[in-house]
Amino acid sequence: MSVRTGESVFDWIDTRAGARAKAGLARRVRPRPADSADLDLASNDYLGLARDKRVTGAAAAASLRWGAGSTGSRLVTGSTELHTELEYELANFCGAQSALVFSSGYAANLGALTALSGPGTAIVADQHIHASLIDGTRLSKADVVVAGHCDVPKVTHALATRGKRRALVVTDSVFSVDGDLAPLAELAAACREHEAALVVDDAHGLGVLGDGGRGAVHAAGLAKAPDVVATLTLSKSLGAQGGAVLGPSRVIRHLVDTARTFIFDTGLAPSSTAAALAALKVLREEPDRPARALDVARDLASRLREAGLRVSAPTAAVVSVQAPSAEAAFDWAEACRARGVVVGCFRPPSVPDGISRLRLTARADLTGADVERAVRVITETGASAGAVSRPRP
Ligand code: PMP
């Protein structure tokens, strides 16, 4: 009898990896150099705050004072006065009644959805919600209806036909791949009409949309609504790390008692907590930064369109550029990188087949010369990738 060694247990992984590599879909972790002359149009640092000295300085000082890690879960030793202050400031800045900080936006979404729904409740979700919301709906064991994309009549129909079950409508405010906006006011009206709660992931709205960057939920006049909950990440426009849920105080209280990603996860590191606080202070002191990010996005989009590319209409800081195929998107992004411009590349399985694209993010700290360089490189490389639909004028 042969001796079992266990060597073959994970052979199936090699088979799958081979298939992915053959389809050109293998993913790669590429460390980012600390100092690089590359032009970054791929990060979500919309306001250029991740390396702002006021933000990094606050993070360093908090580490020295409170320690590198938070040392425990939020209900044991993982809450410092910085966490309480950040919760107060986030609620105050965004106009919500209360806020609760999580270790990431992903954890905030899982926590909010599992705590607010469950078996026997209904979730009506937009088709393009972020992966973390999708996972939250699955983990909740609620009955999920996917109601198209930004399709208010479909959402309304699903709510009207759900019977007596409690219901949550779940959407992103700004959809992360194309940067388009959810019809928040209409969704909120449908929820109000049909006694449902609205959960909005405002990850890409905070710091970009609304008065002084207070987010899309604030802009829609829903920040204090008794039936609306917003989730946030601190890792995009605030340049830090972490997540939060904002909403009515009784909802936040309920999350403290029941959200498993709050209760069983180690609290957010003091450095990240302080960084987010410092970034919020910058936003208050420099309320024009969000508008600058939007201007850069519009400038980038209109110039790329003039050059013959198929570009989304930017309603936030995300600009998406259509690629002819998944392979072309990959080659195009690589060609941009080789010329010092780093762009995001979305292809299956992150997006459905047939809509591969480059995802560009505008930042408030990009100069006119940066935008010009980006447009030149993206259009020149796009011509080789077959993405330019007409000759350049
Ligand atoms: N929601 C959306 C819309 C996002 O884009 C992201 C980040 N990619 C998240 C949630 C998750 O946030 P975090 O990175 O803080 O976990």
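Being closer than 24 Å to Ala112 by Cβ, over 19 Å from the mean Cα position of the chain (by Cα) and assigned to a helix (DSSP H, G or I) is the requirement here; does Arg253 meet it?
Yes, satisfied.
Of these, Ser103, Ser173, which one is surrounded by 22 or more Cβ atoms within 10 Å (Cβ to Cβ) and more than 25 Å from Gly221 (Cβ to Cβ)?
Ser103
Does segment 376-393 include one or more residues that are within 21 Å of Ala131 (Cβ to Cβ), of a type outside the set (S, T, N, Q) and not assigned by TED's automatic domain parsing to the domain that holds Val177?
No, every residue in segment 376-393 fails to be within 21 Å of Ala131 (Cβ to Cβ), of a type outside the set (S, T, N, Q) and not assigned by TED's automatic domain parsing to the domain that holds Val177.
Anything in segment 76-115 that is within 16 Å of the ligand (Cβ to nearest atom) and of a type in the set (A, V, I, L, M, F, W, C)? List them, or say none.
Leu86, Leu90, Cys94, Ala99, Leu100, Val101, Phe102, Ala107, Ala108, Leu110, Ala112, Leu113
Go through Gly221, Gly212 for me and flag whichever is in contact with a helix residue (DSSP H, G or I) (Cβ under 8 Å, 6 or more places away or on another chain), assigned by TED's automatic domain parsing to the domain that holds Asp178, over 28 Å from Val55 (Cα atoms) and surrounded by fewer than 24 Cβ atoms within 10 Å (Cβ to Cβ). It would help to see each step written out before you state the result.
Details: Gly212 fails: over 28 Å from Val55 (Cα atoms).
Exactly one residue qualifies, and that residue is Gly221.
Assigned to a loop (DSSP other than H, G, I, E, B), surrounded by fewer than 17 Cβ atoms within 10 Å (Cβ to Cβ) and over 20 Å from the mean Cα position of the chain (by Cα): does that describe Gly148?
Considered against the rule, which asks whether it is assigned to a loop (DSSP other than H, G, I, E, B), surrounded by fewer than 17 Cβ atoms within 10 Å (Cβ to Cβ) and over 20 Å from the mean Cα position of the chain (by Cα), Gly148 comes out as no.
Going by what's in this entry, would Leu222 be described as without any contact (Cβ under 8 Å) to a residue 40 or more places away in the chain, closer than 14 Å to Val199 by Cα, away from the ligand (no atom under 12 Å from the Cβ) and not aromatic (Phe, Trp, Tyr)?
yes
Please work out if Pro183 is without any contact (Cβ under 8 Å) to a residue 24 or more places away in the chain and either within 27 Å of Leu358 (Cβ to Cβ) or over 19 Å from the mean Cα position of the chain (by Cα) (or both).
No.
Looking at (1) surrounded by 23 or more Cβ atoms within 10 Å (Cβ to Cβ); (2) small (Gly, Ala, Ser); (3) touching a Gly at 6+ places or on another chain (Cβ under 9 Å), find the lone condition where Ala307 falls short.
Unmet for Ala307, out of (1) surrounded by 23 or more Cβ atoms within 10 Å (Cβ to Cβ); (2) small (Gly, Ala, Ser); (3) touching a Gly at 6+ places or on another chain (Cβ under 9 Å): (1).
Is it true that Gly239 is in contact with a helix residue (DSSP H, G or I) (Cβ under 8 Å, 6 or more places away or on another chain), closer than 25 Å to Pro153 by Cα, outside any strand (DSSP E or B) and within 13 Å of the ligand (Cβ to nearest atom)? Steps first, answer last, please.
Numbers: in contact with a helix residue (DSSP H, G or I) (Cβ under 8 Å, 6 or more places away or on another chain): yes; closer than 25 Å to Pro153 by Cα: no; outside any strand (DSSP E or B): yes; within 13 Å of the ligand (Cβ to nearest atom): yes.
No, not satisfied.
Among the candidates Ala91, Ala107, Ala61, Ala96, which residue alone is within 20 Å of Ala50 (Cα to Cα) and of a type in the set (A, V, I, L, M)?
After applying the criteria, what remains is Ala61.
What helices (runs of 4 or more DSSP H) completely inside segment 26-140 contain at least 1 residues that are under 22 Å from Arg359 (Cα atoms) and free of Cβ contacts under 8 Å to residues at least 12 places away in the same chain?
The qualifying helices (runs of 4 or more DSSP H) are 131-140.
Of the residues Ala387, Ala333, Ala329, Ala362, only one is closer than 21 Å to Val174 by Cα and in contact with a Leu (Cβ under 9 Å, 6 or more places away or on another chain); which? Break it down into steps so the answer makes sense when it comes.
Values: Ala387 fails: closer than 21 Å to Val174 by Cα; Ala333 fails: closer than 21 Å to Val174 by Cα; Ala329 fails: closer than 21 Å to Val174 by Cα.
Just one listed residue meets the conditions, Ala362.
On the given criteria, is Arg337 modelled with pLDDT of 95 or more and within 30 Å of Ala19 (Cα to Cα)?
It is true that Arg337 is modelled with pLDDT of 95 or more and within 30 Å of Ala19 (Cα to Cα).
Give me the helices (runs of 4 or more DSSP H) completely within segment 261-346, filtered to those with at least 3 residues that are under 14 Å from Ala374 (Cβ atoms), within 23 Å of the chain's Cα centre (by Cα) and not assigned by TED's automatic domain parsing to the domain that holds Val245, ordered by residue number.
So the answer is 289-306.
For Val55, state whether it is in contact with a helix residue (DSSP H, G or I) (Cβ under 7 Å, 6 or more places away or on another chain), farther than 26 Å from Arg284 by Cβ and at pLDDT 95 or above. Before you say what the answer is, go through the steps one by one.
Details: in contact with a helix residue (DSSP H, G or I) (Cβ under 7 Å, 6 or more places away or on another chain): yes; farther than 26 Å from Arg284 by Cβ: no; at pLDDT 95 or above: yes.
Criteria not met by Val55.
In segment 351-391, how many residues are free of Cβ contacts under 8 Å to residues at least 12 places away in the same chain and surrounded by 20 or more Cβ atoms within 10 Å (Cβ to Cβ)?
0
The values are calculated or read from the model by the stated rules, or taken from the named source; none is laboratory data. Here the structure is a predicted model, which means the values were calculated and not measured. With ideal geometry, Cβ positions are generated from the backbone for all residues, glycine too; neighbour counts draw on all protein chains shown.
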